[in-house]
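Reviewing the structure listed below.
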Amino acid sequence: MINEKTLSIEIDGKNYNIPEGKNLLEFLLENGFDIPHLCYHPALKSIGACRMCVVEVEGSKNLVTSCTAEIREGMKIKTNSPLVKESREVNLSLLLKDHPDDCMTCDQNGNCALQDLAYEYFPSGKPLFGYMKEKRYEIDDSSEFIVRDLNKCIKCQLCVRVCDEVEGMSIYSMVQRGHESYPSTFMNLPLAQTNCVSCGECASICPTGAIVEKPSIGKARWNKVEKVKTTCLYCGVGCQIDVYFDPKKNDIVRIQGSSENREVNDAIATCVKGKFGYSFVNHPDRLKSPLLKKNGEFVPVTWDEALDYTAKKLIEIKEKYGPDSIGFLSSARCTNEENYLLQKIARAIIGTNNIDHCARLCHASTVAGLSMTFGAGAMTNPIGDIEFAEVIIATGTNTTENHPVYGSRVKRAVRNGSHLIVIDPRKIELVDYAELWLRNLPGTDLAILNGLLNVIIHENLIDEEFISKRTEGFEEVKKAVEKYTPSYVSKISGVDEKKLVKAAEMYAKAKTASILYAMGITQHVSGTKNVIAIANLAMATGKIGRPGSGVNPLRGQSNVQGAGDVGCLPNLFPGNQPVSKESVIEKFKMAWNVEYLSDKNGLTSVEMFDAIMNGKIKALFVMGENPVMSHPDESHVRKALEKLEFMVDMDIFPNDTTKYAHVILAASSGFEKDGTFTNTERRVQRVRKVLNPVGNSKPDWMILKDLMNRLGYNAHYESPKEIMEEISKVSPIYAGISYDRIEHKGIQWPCRSIDDEGTAILHQNSFSTENGLGKFIPVEYTEPPEIPDEEYPFYLSTGRILYQYHTGTMTRRVKEINDLRPKVEIEINPEDAKDLGIKDGDIVRVSSRRGSIEGPAKITERSQKGLVFIPFHYAESPANMLTLAAIDPIAKIPTFKVSAVKIEKVKVEDRV
Amino acid sequence: MENQTLTDPKFAELDEFIDNLPDKKGMLIGVLHKAQEIFGYLPAEVQHHIAQKLDIPESTVFGVVTFYSFFTMKPRGKYQIKVCLGTACYVKGGQKISDRVKEELGVTGDEPTSDGLFSVQEVRCLGACSMAPVMLVGERDFYGRLTPDKIPQIIESYRRKENKK
């Protein structure tokens, strides 16, 4: 760690003060010294392998590698003496002797650290020992994404180190020795045959052309591309990425993890989706023009015609049936600014609070549960904070697949000594890193969480001081969990009593402990209660409001936090301000310059479909969502959409939902517009325009602005920046956010003024509730609404896989990703498969009371006996044909994680 | 692979050795030594098994195995014959010794004989230059001042020993 103390040293005859513990190479580079280096990267520990950064230190026998130098008071350093120069020339020549001189066809040409140094040191074109004469290694192009040509390797070991230190996969190691050594995989296997997760970090970091990105080869030379830093469009981690694009072709050439903002993605990290999932941008299917349904067919029209028609229809329906006859679904994939505008249209122009977004399907229970207990429904601690947790409980989060970059951090924390407890019915990758795994039956989480608290109270491991000073209502919870003894909970959940006790002790006794959770907790009828139980556990043990201690829901989409923050919820105005509160209503009437705002809570997204069925909702405005695929009980959703009098859908691709629209508004993707996303740790980060809008598409904010004016509301935003200025005025938690302030680094809300640095850890001295106290709330376990029976004997759980994203609108249009995971894989336990006579790859039919789907089986221990898992990405095998539309009574989130199904092997002759 | 682990007594022996280590950290080289002693060589499945048992990446195991020339990933004969081709032995006809050993065993390189008894490895200097040319059979049996004619007799002595068993 760098501390306050500085040392005085002399560099090339000048005095400098260098903070003790500072890396000398970094210091030299920051102070403008031109020090060549090939094996240094800010994200990794220095190893001094390439020996290019050597400097002369007075009194030292040998030259010293500055990246690993130990700095002493009074040190005298020469960075460019004849000796240093000669050493660098020899070292560089030794590398070049083992490197082919084929820069002409090398993909790295123009961005190669070795090429640059060769040019600088040997302008004659003649290094001391020539170039590689005979190639020694076969090229490995087995991976969909990465090509390795080790003939170009300079043994800097950056690939080995990044895969180990950042990604935690350790696919590579240096093998053989001395001159013969090279980075390779176990048994020199082709990359495609290893456990490689295709994060692409090795290709991002390789200083030469030894590891390059396959999809980028031949696309554009480095001197033909430009770079824009933006926020990844996929999950809620919010990785900062550098997008390299060819302005002439208006196309993306490659993406690399940004070396800035290490607190978010380690100054390099990406996952396969963020790194390689971009070629959807120019996919031929893109909606390139607004479309109007005429005589049952979609016909391209002008923007004027599409928007005039939309405005006319919305006004007509409002006048005919009233404002609450229109529903709005906004998008966790659109920017804060766009979501803000859509809810403003709903509230200020139409006059309804019928606005919701897909957080309803993922973390509505978090927002509800944590608001009730802590007063704020968001992740309490920053992403990087997990490495300070002595004990980590990961429950209902398949972190390494759904939040891969965060998952790597969890793995690193474990390797550095954190103790991991996994509570999950499925044998997910994190189980390999866990000290303790509680494999529970689906839907029994609440019993377990109450059970843990029971043990903690019983063994007197509670934090009495925290409970008495910071919270209220503990006694009732204490009473409520009395019956959740280990033996009782064990009977419900199938988890061994001893494991329950051990998990409780580990969590309560740790100095710092963090709970991570996601859909496995929230997507239940008891979702809100599950979340409350987690909050109870954290408060009872005082594991909240400190570094390394917190309650951390991992948000699934790039802007799912932000969409809620800016008011796309039926009960909250921007900044989590209740629509039922008069002072809030008055404030927004002033701010928006309108006379009427509804003070009645609107309908949630799941309720909207019921309201369509019973005729209360006549028109639906959908922005960037695909409810046909993402909502439970698909046939119900389809029936509802058919019934609508008017539907507008704004999207980048046609999908299963756009079919039902009367107007399709062609939106631009996240790479084609400016704005902000708020990531899972509440950090508001910039989204920047990389490409020009594809075809005649328009950024959603422009479309919405134009529509506002047509609906009779005077809206004149020049850019998203101005929309954010308005958001910061009406939303106290965003009050200090402005584009200028987040230009380089995002700020975590609450950020209440322009002098406020933002808030890394919530609830440090008091909770966000009205009286500042955390609220204990007793919660009782009840059985899930549908559990296996004779007819439908299996549990069904749905979710995501690493390579695909949500309803697949984007990732299924990225060739390499879809080639790798083209079909659904229905995960079945080996014993069940044996009983049913099913082999790996056999086509099976899975049926529930609502429908049935077919797809190939994957026989795997990941599913416990009696459980099948189906990802919901695949439209041809839609998992949500099967799921139950039962919803949590508080948060109205559907129960995607438990329903009952049967499985049959499909005989060839049965196939339709 | 999992099932083989459970049933193969060699894996059981290796597991016993690993399980009795006071601390698994930093023990990779010791474990690889033991594994090579048990299996005779270190094929992929043994390396994979060790990686799992010691909770380290399999690429790391592979890196260490390839680093040290002592470790081999190819099967060896029960008696590994190391023929010295260091400078002194080479000058004194070490290559002829090696050729004769191979001829006698009917092998062309470092592959084991079909009965699995022998394999040949040409090495640099065994540290007994005064007795050149030399060879080592197994870990201890040392032969110096060799001529090609002495080879059949030496090899025969091991075959006899094995037949008696």
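The values are calculated or read from the model by the stated rules, or taken from the named source; none is laboratory data. Predicted model, so just to flag it, every value in this text is computed and none were measured. Positions of Cβ are generated from backbone atoms using ideal geometry, with glycine treated the same way; all protein chains shown enter the neighbour counts. With ligands, DNA and RNA removed, areas are computed over all heavy atoms of the protein, side chains included. Shrake-Rupley method; radii C 1.70, N 1.55, O 1.52, S 1.80 Å.
Does any residue of the stretch A:118-128 turn out to be within 14 Å of chain B (Cβ to nearest Cβ), part of a helix (DSSP H, G or I) and surrounded by fewer than 21 Cβ atoms within 10 Å (Cβ to Cβ)?
Keep residues of the stretch A:118-128 that are within 14 Å of chain B (Cβ to nearest Cβ), which gives none.
There is no residue in the stretch A:118-128 that is within 14 Å of chain B (Cβ to nearest Cβ), part of a helix (DSSP H, G or I) and surrounded by fewer than 21 Cβ atoms within 10 Å (Cβ to Cβ).
With respect to B:Gln36, determine if the residue is of a type outside the set (Lys, Arg), within 13 Å of another protein chain (Cβ to nearest Cβ) and in a helix (DSSP H, G or I).
Details: of a type outside the set (Lys, Arg): yes; within 13 Å of another protein chain (Cβ to nearest Cβ): no; in a helix (DSSP H, G or I): yes.
In short, no.
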For this session: From the list A:Lys45, A:Lys78, pick out the single residue that is open to solvent by 70 Å² or more (accessible area, probe 1.4 Å) and within 30 Å of A:Glu167 (Cβ to Cβ).
Result: A:Lys45
Exercise. Can you name every residue in the stretch B:49-59 that is closer than 19 Å to B:Asp19 by Cβ and open to solvent by 10 Å² or more (accessible area, probe 1.4 Å)?
Worked result: B:His49, B:Gln52, B:Lys53, B:Leu54, B:Asp55, B:Ile56
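Return yes or no: is B:Ile97 assigned to a helix (DSSP H, G or I) and surrounded by 14 or more Cβ atoms within 10 Å (Cβ to Cβ)?
yes
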Exercise. Taking A:Lys135, is it basic (Lys, Arg) and within 30 Å of A:Tyr803 (Cβ to Cβ)?
Worked result: no
Seminar exercise, completed: Filtering the stretch A:141-169 for residues that are open to solvent by 20 Å² or more (accessible area, probe 1.4 Å), farther than 15 Å from A:Thr208 by Cβ and more than 9 Å from chain B (Cβ to nearest Cβ) leaves a count of 4
For this session: Given the conditions (1) over 44 Å from the mean Cα position of the chain (by Cα); (2) at pLDDT 95 or above; (3) not hydrophobic (A, V, I, L, M, F, W, C), report the number of the one that A:Gly13 does not fulfil.
Result: (2)
Problem set entry | Filtered residue count, the stretch A:170-224, keeping only those that are assigned to a loop (DSSP other than H, G, I, E, B) and either more than 10 Å from chain B (Cβ to nearest Cβ) or within 22 Å of A:Leu96 (Cβ to Cβ) (or both) | 19
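Kindly establish whether A:Asn109 is touching a helix residue (DSSP H, G or I) at 6+ places or on another chain (Cβ under 9 Å), under 30 Å from A:Gln240 (Cβ atoms) and open to solvent by 20 Å² or more (accessible area, probe 1.4 Å).
On the way: touching a helix residue (DSSP H, G or I) at 6+ places or on another chain (Cβ under 9 Å): yes; under 30 Å from A:Gln240 (Cβ atoms): yes; open to solvent by 20 Å² or more (accessible area, probe 1.4 Å): yes.
When the stated conditions are applied, A:Asn109 passes them.
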Exercise. What's the number of the condition A:Ile317 fails, among (1) open to solvent by less than 10 Å² (accessible area, probe 1.4 Å); (2) over 34 Å from the mean Cα position of the chain (by Cα); (3) farther than 26 Å from A:Ile350 by Cα?
Worked result: (3)
Seminar exercise, completed: When every residue in the stretch A:741-754 that is out of contact with any helix residue (DSSP H, G or I) (no Cβ under 9 Å at 6 or more places or on another chain) and charged (D, E, K, R) is compared, the one nearest to A:Thr380 (Cα to Cα) is A:Arg741
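Can you find a residue that is within 14 Å of another protein chain (Cβ to nearest Cβ) and either in a loop (DSSP other than H, G, I, E, B) or out of contact with any helix residue (DSSP H, G or I) (no Cβ under 7 Å at 6 or more places or on another chain) (or both) anywhere in the stretch B:73-89?
yes
Based on this model, can you work out whether B:Asp115 counts as more than 28 Å from A:Tyr182 (Cβ to Cβ), at pLDDT below 90 and either more than 12 Å from chain A (Cβ to nearest Cβ) or not in a strand (DSSP E or B) (or both)?
On the way: more than 28 Å from A:Tyr182 (Cβ to Cβ): yes; at pLDDT below 90: yes; either more than 12 Å from chain A (Cβ to nearest Cβ) or not in a strand (DSSP E or B) (or both): yes.
It is true that B:Asp115 is more than 28 Å from A:Tyr182 (Cβ to Cβ), at pLDDT below 90 and either more than 12 Å from chain A (Cβ to nearest Cβ) or not in a strand (DSSP E or B) (or both).
Conditions tested, residue by residue: (1) part of a helix (DSSP H, G or I); (2) open to solvent by less than 10 Å² (accessible area, probe 1.4 Å); (3) more than 17 Å from A:Asn536 (Cβ to Cβ).
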site: A:Ala447; (1), (2), (3): yes, yes, no
site: A:Gly451; (1), (2), (3): yes, yes, no
site: A:Lys479; (1), (2), (3): yes, no, no
site: A:Lys483; (1), (2), (3): no, no, no
site: A:Ser487; (1), (2), (3): yes, no, yes
site: A:Ser490; (1), (2), (3): yes, no, yes
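Residue by residue, here is whether (1) buried (at least 18 other Cβ atoms within 10 Å of the Cβ); (2) under 29 Å from B:Leu32 (Cα atoms) holds:
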site	(1), (2)
B:Tyr68	no, yes
B:Gly93	no, no
B:Gly106	no, no
B:Gly109	no, yes
B:Phe118	yes, yes
B:Met131	no, no
B:Phe142	no, yes
B:Thr147	no, no
Exercise. Would a scan of the stretch A:409-431 turn up a residue that is touching a Ser or Thr at 6+ places or on another chain (Cβ under 7 Å), part of a strand (DSSP E or B) and open to solvent by less than 10 Å² (accessible area, probe 1.4 Å)?
Worked result: yes
Exercise. Restricting attention to the stretch B:51-61, does a residue exist that is more than 12 Å from chain A (Cβ to nearest Cβ), modelled with pLDDT of 95 or more and not in a loop (DSSP other than H, G, I, E, B)?
Worked result: no
Exercise. Being out of contact with any Phe, Trp or Tyr (no Cβ under 9 Å at 6 or more places or on another chain), more than 25 Å from A:Arg812 (Cα to Cα) and open to solvent by 10 Å² or more (accessible area, probe 1.4 Å), is that true of even one residue in the stretch A:263-279?
Worked result: yes
Exercise. Within the stretch A:128-180, which residues are farther than 24 Å from A:Thr399 by Cα and of a type in the set (A, V, I, L, M, F, W, C)?
Worked result: A:Leu128, A:Phe129, A:Met132, A:Ile139, A:Val147, A:Leu150, A:Cys153, A:Ile154, A:Cys156, A:Leu158, A:Met174, A:Val175
Seminar exercise, completed: With the first residue restricted to the stretch B:143-157 and required to be in contact (Cβ under 8 Å) with a residue 40 or more places away in the chain and within 18 Å of B:Pro112 (Cα to Cα), and the second required to be open to solvent by 40 Å² or more (accessible area, probe 1.4 Å) and acidic (Asp, Glu), Cβ contacts under 8 Å at 6 or more apart or on different chains are B:Ile151/B:Glu104; B:Pro152/B:Glu104; B:Ile155/B:Glu104
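If you take the residues of the stretch B:39-48 that are in contact with a helix residue (DSSP H, G or I) (Cβ under 6 Å, 6 or more places away or on another chain) and surrounded by 18 or more Cβ atoms within 10 Å (Cβ to Cβ), which of them is nearest to the other protein chains (Cβ to nearest Cβ)? I'd like the intermediate steps shown before the answer.
As a first pass, look at the stretch B:39-48 and keep what is in contact with a helix residue (DSSP H, G or I) (Cβ under 6 Å, 6 or more places away or on another chain): B:39, B:42, B:44, B:46-48.
Keeping just the survivors that are surrounded by 18 or more Cβ atoms within 10 Å (Cβ to Cβ) gives B:39, B:42, B:46-47.
Details: B:Phe39: 16, B:Leu42: 11, B:Val46: 11, B:Gln47: 7 Å.
Residue satisfying both the conditions and the ranking: B:Gln47.
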Problem set entry | Filter result for the condition that a residue is closer than 30 Å to A:Glu672 by Cβ and polar (S, T, N, Q), over A:Ser697, A:Ser753 | A:Ser697
For this session: Only strands (runs of 3 or more DSSP E) wholly contained in the stretch A:569-683 count here; list those with 2 or more residues that are crowded, with 23+ Cβ neighbours inside 10 Å and aromatic (Phe, Trp, Tyr).
Result: none
